[in-house]
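Colleague: Right, I'll just put the structure down here and ask away after.
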Amino acid sequence: MFEFQVEATSGAARAGTLTLPHGEIETPAFMPVGTHGVVRGLSAEDVRGTGAQIILGNTYHLHLRPGEDVVRSMGGLHRFTTWDRPMLTDSGGFQVFSLQGLRKISEGGVEFQSHVDGTYRTLTPERAMEIQWALGADIAMAFDHVVPGQAPHDAALDGMERTLRWLERCKTSHDQLGDGRCQTIWPILQGGTHDDLRTRSLEGTLAAGPWTGIAIGGLSVGEPKPVMHRVLEALEPTLPREIPRYLMGVGFPADLLEGIARGIDLFDCVAATRNGRHGTAWLPTGRINVRGAALIGSSEPLDPECDCETCTRFPRGYLRHLFVIEDILGLRLISLHNIRFLVRLGEQARAHILAGTFDGWSREWLRRHYARGT
């Protein structure tokens, strides 16, 4: 039920197939984020139409609303959302550590004040596993201690070591919840931007295994892009070859190709829909402001190279009109395009890895994308 096969490589880039209880995922792949059990503004059918193979839900937000017991009583997250393909749930670690001033960290876990109703709650490694088991996603993420991107060595060390200690508790708790045939747990590497800490995190994580996948957390949280690339390059030679690698919270177009080139298989990010709702569409040549006056009266497709519903049915001039009159259809259509853009980028990267042409294609794609200063 939890298998991964690498079918081809091109340098560090990999094309593989991940088998999960609810289906197969061809990698590299982008995973749209459905934080509250919905990819903002889109139905499950909309998201399936983009070619997405797996989506995310978030433990913290679903615990607050509607509550994991409600989701479980309705048949689990798949039936609750009507999404019948694989799902992954984030542990909530990033969210609770983002609640600056509203949370208190201890070895036991994190006490936090709900941003919804102000009540105080506690999230521990054990509780994070219990909530994710009740939600019923294919993949549950371990509860980790996230530090800012520019965190000094001592703070990153503290977060990394606590993440390892919490990982043992997550694994024990998850093993006690069930037989593991319907859900697997993936660990998260921490250590900030410090190569020695990332190495120690990986060593400690592998010692606590075996695992069916591994995630790299704590990147794209404020550090410069070249620093993120350096961390990935340092980790890649020592990451297990036989399991998928998931780079958490990273999902701008160029980031996908830069990550794939450094051995990453899976990505997620809210930027596709967040940018879409604000009228920013992604194109191979960079990005475009759909609200811009240059689109007035244009009968051209948004992206002539794209095969999504937005680009094959609606002209640029009409898309701009939707944003000018503040109709929600515009938000949906640009969000739809941005997700398809990233999903398709993963599909294209996979095809070029299989064909042995990834390096030249990705370099030219990035050159074109960066040409306008994106």
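Colleague: Checking Ile328 against (1) closer than 21 Å to Gly286 by Cα; (2) touching a residue at least 12 places away in the same chain (Cβ under 8 Å), which test does it fail?
Modeller: Going through the list (1) closer than 21 Å to Gly286 by Cα; (2) touching a residue at least 12 places away in the same chain (Cβ under 8 Å), Ile328 breaks only (1).
Colleague: Can you name the number of the only condition in (1) open to solvent by 20 Å² or more (accessible area, probe 1.4 Å); (2) of a type outside the set (D, E, K, R); (3) at pLDDT 95 or above; (4) touching a Pro at 6+ places or on another chain (Cβ under 7 Å) that Pro210 fails?
Modeller: Going through (1) open to solvent by 20 Å² or more (accessible area, probe 1.4 Å); (2) of a type outside the set (D, E, K, R); (3) at pLDDT 95 or above; (4) touching a Pro at 6+ places or on another chain (Cβ under 7 Å) one by one, Pro210 breaks only (4).
Colleague: Would you say Ile243 is buried (at least 21 other Cβ atoms within 10 Å of the Cβ) and either closer than 27 Å to Leu322 by Cβ or not small (Gly, Ala, Ser) (or both)?
Modeller: yes
Colleague: Another question about this same structure. Would you point out the residue of segment 29-38, among those that are of a type outside the set (Ser, Thr, Tyr) and within 12 Å of the chain's Cα centre (by Cα), that is farthest from Arg332 (Cα to Cα)?
Modeller: So the residue we want is Ala29.
Colleague: A follow-up question, please. Is segment 218-239 home to any residue that is outside any helix (DSSP H, G or I), in contact with an Asp or Glu (Cβ under 7 Å, 6 or more places away or on another chain) and either closer than 30 Å to Val324 by Cβ or open to solvent by less than 10 Å² (accessible area, probe 1.4 Å) (or both)?
Modeller: No, that holds for no residue.
Colleague: Quick one: what pairs do we get from segment 292-311, first residue in a loop (DSSP other than H, G, I, E, B), second among the basic types (Lys, Arg), C-beta under 6 Å, 6+ apart or different chains?
Modeller: If the second residue must be among the basic types (Lys, Arg), the pairs left are Ser298/Arg316; Glu300/Arg316; Leu302/Arg316; Cys308/Arg340.
Colleague: I need the full set of residues from segment 1-56 which are open to solvent by 30 Å² or more (accessible area, probe 1.4 Å), of a type in the set (Val, Ile, Thr) and over 27 Å from Asn275 (Cβ atoms), in order please.
Modeller: If the condition is that a residue be open to solvent by 30 Å² or more (accessible area, probe 1.4 Å), of a type in the set (Val, Ile, Thr) and over 27 Å from Asn275 (Cβ atoms), then Val6, Thr9, Thr19 are the ones that fit.
Colleague: Further question on the same structure: Phe143 - would you say it is outside any helix (DSSP H, G or I), over 30 Å from Met1 (Cα atoms), open to solvent by less than 10 Å² (accessible area, probe 1.4 Å) and hydrophobic (A, V, I, L, M, F, W, C)?
Modeller: no
The values are calculated or read from the model by the stated rules, or taken from the named source; none is laboratory data. Bear in mind that the values here come from a model prediction, so they are computed numbers and not experimental data. Reconstructed Cβ throughout: ideal geometry from the backbone, glycine too, with neighbour counts over all protein chains shown. Note: accessible area is taken over every heavy atom of the protein model, side chains too, but ligands, DNA and RNA are not part of it. Shrake-Rupley method; radii C 1.70, N 1.55, O 1.52, S 1.80 Å.
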